[in-house]
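Notes to accompany the following structure.
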Amino acid sequence: MSQHLPVLQVVVPLLAAPLAALVRRPRLSWLVAFLAALWAFGVAVALLHHVLSVGPISYHIGDWAPPWGIEYRVDQVNAFVLLIVSGIAAVVLPYARASVEWEIENERIPLFYTALILCMTGLLGISVTGDVFNVFVFLEISSLSAYALIAMGQDRRALTAAYQYLIMGSVGATFIVIGIGLMYVMTGTLNMADLAQRLPAMEANRTIPVAFAFLTVGISLKLALFPLHLWLPNAYAYAPSTVTSFIASTATKVAVYMLLRFVFTVFGAAFSFDVMNIDRILTPLALAAIVFMSLSAIYQPNVKRLLAYSSVAQIGYMVLGISLASVFGVAAGILHLFNHALIKGALFMAMGCVMYRVGSVRIEAMAGLGRTMPFTMAAFVIGGLSLIGVPLTVGFISKLYLVRAALEQGMWPVAVLVLVGSLLAVIYVWKVVEVAYFRQPIGDGSIREAPLSLLLPTWVLVLANIWFGVDAKLTAGVAIRAAQTLLGVGS
Amino acid sequence: MSSSLAALPVIPPFAIFFAGALLAALLRGRARKAVLILAPFVGALFMLRLHSGTTWTMGFLGYELVPLRVDRLSLIFGWLFHLAALIGNVYALHLGKDERAGIQHTSAMLYAGSALGAVFAGDLITLFVFWELLAFTSVFLIWARGSERSLRAGFRYLVVNVLSGVLLLSGALLRAYRTGSIEFGHIGLDGSLAAWLILLAFGIKSGFPLLHNWLTDSYPEATPTGTVFLSAFTTKVAVYALARSFAGTELLLYVGVVMTCFPIFYAVIENDLRRVLSYSMINQIGFMVAGIGIGSALAVNGAVAHAFADVIFKGLLFMTMGAVLHMTGRVNGSDLGGLYKSMPVTATMCIIGAASISAFPLFSAFVTKSMIMSAALEEGHKWLWLPLLFASAGVLEHAGIKIPYFAFFAHDSGIRTKEAPKNMLVAMGVAALVCIAIGIFPGTFLALLPFDVAYVPYTVTHVLTQTQLLVFGILAVAVLIRTGIYPAETPSVNLDFDWTYRRLGAAVVRAVGGGIRTVDLAVRSAVLELVDTGLGFAVRGHGPKGALSRTWPTGSMVLWVAILLGISLFLYL
């Protein structure tokens, strides 16, 4: 059984998805989804443990040896990503039950869970596979289900947001498949390891840089790199709370993983950075994202939209780390991948609690919630501190690594901009805190604390923010080893 | 005894207080009171387990953290903070069912724990963490007053203290970068930026001249019980940090002398008696800073001893003023007077505190301050000894006479009230006992100090000099009050240095900000114009929000994709 773990990671949730639709009873379909997420989390933990103790796993689907058959390949990098995706799913699903029952009509709930599991399956599939066409297939699975999930939002604008995401996501996916196609034409292979071997011989050929350009731009769109982020704020703001919590902490992270995989494993760091100089594009855009998107976040009247802009800025931090192309830089990017999933998961879940009780997440609706919903707002405050990067939270660890990586290369201005981003984060987090704690509650005083089924999962993530902020040995250790694997040094 | 002690695990003192804070937050009524009283005792029990040399280390991101480092310097501050927490907690017991009791008790426990964490920190990163926690946990003691003034003062307090922490972290990281060590030991001014940043951070918290305004601004705005805690911890942690890292730095000698002198003038004319005490606090810290600046074993001993004594007698004075505020709702000199009739015990306590701070023989400051003064003479700083002497006379005037005189005697204000609650009296009594005990039996206390230096406080010369100073000081004040020359207590606002940044600075910022806004608007509209005409976008008609934060039509999103692909291809090919 243990040697089949890589495929079980994907197949079991894939089968659970239609099952959730077939049972037709909301509670039962939730149970199916929850069990699928737990299963995926268990498998991911086992995989990470195996990879860390034994080494990378190569699994051949149907026993067809690569490069002809499809290979699932798990190393430190994607074992970590699998853990993030399945872990967030396992925390979000207990939260989903009450939140979804409140936000979505009963008869659509089984379909909702079907789409949610499919989305998770797609994200897990992208992460686990070692085959570039497989990446595209899973990307489409996750994206199509994500469009459907977002469209289920209560707000009418959710529909247009989903439509825009659909168009943009499809453009991105098309770019990716064009890139893959060009590579296939040139090398005749779709296996990542095989591609990595064959591509260096063809670097002189113009088709390869074109493939590289299509792939990186397509992936940049999926990961919402500034200025290709325009689909993201509305999609996050108007989607159901559960969907925002799940997608915000996983979907863009998996896209960042795709960037890592293609840039470092398939094309190789030497080609991407020394020949293509991809950092000339990534670094300025990442810095622009950090500064401009944090500024935009300050002016948002809707807290979910505010957090969405902040997400684009945070993606800037990850891409910035990657664009430094040093072990520390890439490790900082990977570390922030994990840490930001915890941060935004906690923050969006806290906003889901507010939505559940207040029915709005506009800033003025937060008035006095510090008193009426103390645990929810405390969760928001701690998540916010982590977002800012206060010591003893995960945000601090990420920024510390990033600043260290920038200073290592003597890039003082970059380090300063990273800190400027933190200052801007202080402002937009403070805006919410001020209204929640220093304004009188509005309304008739009927607002109560959110139910435990919402609070507990939220606090699990909040405590994880502190836990991994105090004891960063596991996360930072894995991130450093993953970065070494990607750069092909040390380990 | 020692064998049964050895069975206790070594627990960092802050952990016990944080656990106590958690219990204080969860429990109500008698159970919470029990926790508040017992926690310092439990902490003290575990303190017995700590000996010089006990250290804990742990690796963190490539640095060696030392969350627990015990030596004689940290031990005496450890005992001091346990005592201060006990006194403060007892003093606050009457809060009981008050609406903000929970937040105050919890905050006070966390605050005391943070102070303990800071003094037992063995490296600068750990110190930084507790340094910031000091600010974040204590600000609630100010906010709990619940007034608009206290809210604003609390924010200013928070900003300054967090800034101090940021400076400390910057200094620590720079130092780690330069020397590879984050040890919290002797640093000294070696001309590096790192050392200056760290000194500035310590200086802000200990109230250096021109950096002191946060203290006199916020402490008087806290709750009656909150000020007692505030006066005990933040500044003393800073004094401890200075003693550890900058002992013998000559600059501190001059800074200390200035600190002892300038607050006297403000204290004389100030009307809010708790603000008078805040100024007096800076004056007392000045003696400590000067002692640290002298740097000899006797001087540092003196600074530490004076910090110990100051926490207790300044706490006692703040407690008496807190009791007055609690019972009458007023604490301005002009509103009070004649209270000795209704609050005789509190008045007695206040006089004991006043005698201690003025260094009457047989009271605590007589022993501790004279160590610093003697050290100044021993090390040949004659010209600095004189201003210190002047400052001592000033202490007598503003804290020793003014506080008890205007609150409890002077003209009868007609206020009739009852004696303060029992728990307050008990807390004041304990503090008064400690003041007298140190004054009468200095030997036991002096043995606890970090350095082994023989010192005899009660010599004929010393007792005579001090008594003369005091008698003539009292005489002078008496004459001044009799003849009406003494500045009368009038409700007024005294301008301190913070006017420059709170009024002048704000005006400058507004003016500059306005200028930037105009320029910014012009630039932005010009750029928008450019985008508008140059690219032919229909930028207008998309609402008042900025170009970056509104919803874009799908077509323009795709355009961006095309642009980025174009740029990529251009760069790659």
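The values are calculated or read from the model by the stated rules, or taken from the named source; none is laboratory data. This one's a predicted model, so the numbers in the text were calculated from it and none came from an experiment. For neighbour counting, all protein chains shown are included, and Cβ atoms are generated from backbone atoms with ideal geometry for every residue, glycine included.
Look at B:Ser192 and say whether it is modelled with pLDDT under 90, more than 14 Å from the chain's Cα centre (by Cα), farther than 30 Å from B:Val324 by Cβ and away from chain A (no Cβ under 13 Å). Against the criterion (modelled with pLDDT under 90, more than 14 Å from the chain's Cα centre (by Cα), farther than 30 Å from B:Val324 by Cβ and away from chain A (no Cβ under 13 Å)), B:Ser192 qualifies. For region A:195-215, the set of residues classified as out of contact with any Phe, Trp or Tyr (no Cβ under 8 Å at 6 or more places or on another chain) and not in a helix (DSSP H, G or I) consists of A:Ala204, A:Asn205, A:Arg206, listed by residue number.
Only a single criterion out of (1) touching a helix residue (DSSP H, G or I) at 6+ places or on another chain (Cβ under 7 Å); (2) free of Cβ contacts under 8 Å to residues at least 24 places away in the same chain is not satisfied by A:Leu31, namely (1). Residues that are modelled with pLDDT under 85 and in contact with a strand residue (DSSP E or B) (Cβ under 9 Å, 6 or more places away or on another chain): does region B:470-481 have at least one? The answer is no; no qualifying residue exists. In region A:216-274, how many are within 14 Å of chain B (Cβ to nearest Cβ), aliphatic (A, V, I, L, M) and part of a helix (DSSP H, G or I)? Residues flagged as within 14 Å of chain B (Cβ to nearest Cβ), aliphatic (A, V, I, L, M) and part of a helix (DSSP H, G or I) within region A:216-274 amount to 8. Can you tell me how many residues in region A:335-362 are in contact (Cβ under 8 Å) with a residue 24 or more places away in the chain and among the polar types (S, T, N, Q)? Qualifying residue count for the region: 1. Just one residue in the set B:Ser192, B:Ser206, B:Ser218 is out of contact with any strand residue (DSSP E or B) (no Cβ under 9 Å at 6 or more places or on another chain), without any contact (Cβ under 8 Å) to a residue 60 or more places away in the chain, of a type in the set (S, T, N, Q) and not assigned by TED's automatic domain parsing to the domain that holds B:Leu277; that residue is B:Ser192. Any residue in region B:189-207 that is surrounded by fewer than 20 Cβ atoms within 10 Å (Cβ to Cβ) and either closer than 23 Å to B:Asn271 by Cβ or in contact with a His (Cβ under 7 Å, 6 or more places away or on another chain) (or both)? Within region B:189-207, none of the residues are surrounded by fewer than 20 Cβ atoms within 10 Å (Cβ to Cβ) and either closer than 23 Å to B:Asn271 by Cβ or in contact with a His (Cβ under 7 Å, 6 or more places away or on another chain) (or both). Among the numbered conditions (1) assigned to a loop (DSSP other than H, G, I, E, B); (2) touching a residue at least 40 places away in the same chain (Cβ under 8 Å); (3) surrounded by fewer than 24 Cβ atoms within 10 Å (Cβ to Cβ), the only one that A:Ala450 does not meet is (3). Contact map, region A:468-491: first residue in contact (Cβ under 8 Å) with a residue 60 or more places away in the chain, second residue of a type in the set (Ser, Thr, Tyr) and in a loop (DSSP other than H, G, I, E, B), Cβ cut-off under 9 Å, separation 6 or more or different chains; pairs are A:Phe468/A:Thr393; A:Gly469/A:Thr393; A:Val470/A:Thr393; A:Arg481/A:Ser491; A:Ala483/A:Ser326; A:Gln484/A:Ser491; A:Thr485/A:Ser491; A:Leu487/A:Ser326. Contact map, region A:194-214: residues that are within 11 Å of another protein chain (Cβ to nearest Cβ) and touching a residue at least 12 places away in the same chain (Cβ under 8 Å) paired with residues that are β-branched (Val, Ile, Thr) and assigned to a loop (DSSP other than H, G, I, E, B), Cβ distance under 9 Å, separation 6+ or inter-chain. Pairs shown: A:Phe212/A:Ile278.
Taken over region A:298-317, the residue count meeting the criterion of being away from chain B (no Cβ under 13 Å) and out of contact with any His (no Cβ under 6 Å at 6 or more places or on another chain) is 6. If you go through region A:364-380 and keep only what is surrounded by fewer than 20 Cβ atoms within 10 Å (Cβ to Cβ) and within 14 Å of chain B (Cβ to nearest Cβ), you end up with A:Arg371, A:Pro374, A:Phe375, A:Ala378. Looking at region A:381-411, which of its residues are within 13 Å of another protein chain (Cβ to nearest Cβ), assigned to a loop (DSSP other than H, G, I, E, B) and either touching a residue at least 24 places away in the same chain (Cβ under 8 Å) or within 17 Å of A:Ala472 (Cα to Cα) (or both)? Across region A:381-411, the qualifying residues are A:Gly389, A:Val390, A:Pro391, A:Leu392, A:Thr393. Only a single item in (1) at pLDDT below 90; (2) crowded, with 23+ Cβ neighbours inside 10 Å; (3) not hydrophobic (A, V, I, L, M, F, W, C) is not met by A:Gly122, and it is number (1). Taken as a whole, the condition of being touching a residue at least 60 places away in the same chain (Cβ under 8 Å) and under 22 Å from B:Tyr458 (Cα atoms) applies to B:Ser374.
Just one residue in the set A:Ala325, A:Ala332 is more than 11 Å from chain B (Cβ to nearest Cβ) and at pLDDT below 90; that residue is A:Ala325. Here the condition is being farther than 20 Å from A:His336 by Cβ, surrounded by 14 or more Cβ atoms within 10 Å (Cβ to Cβ), more than 19 Å from the chain's Cα centre (by Cα) and more than 14 Å from chain B (Cβ to nearest Cβ); of A:Val414, A:Val432, it holds for A:Val432 alone.
Each residue in region B:223-242 was checked for being under 17 Å from B:Phe120 (Cα atoms) and either outside the structural domain of B:Leu110 (by TED's automatic domain parsing) or not in a helix (DSSP H, G or I) (or both), and 1 pass. Please determine, by comparing only the residues of region A:150-186 that are within 13 Å of chain B (Cβ to nearest Cβ) and β-branched (Val, Ile, Thr), which one is farthest from A:Leu230 (Cα to Cα). Restricting to residues being within 13 Å of chain B (Cβ to nearest Cβ) and β-branched (Val, Ile, Thr), the top hit is A:Ile178.
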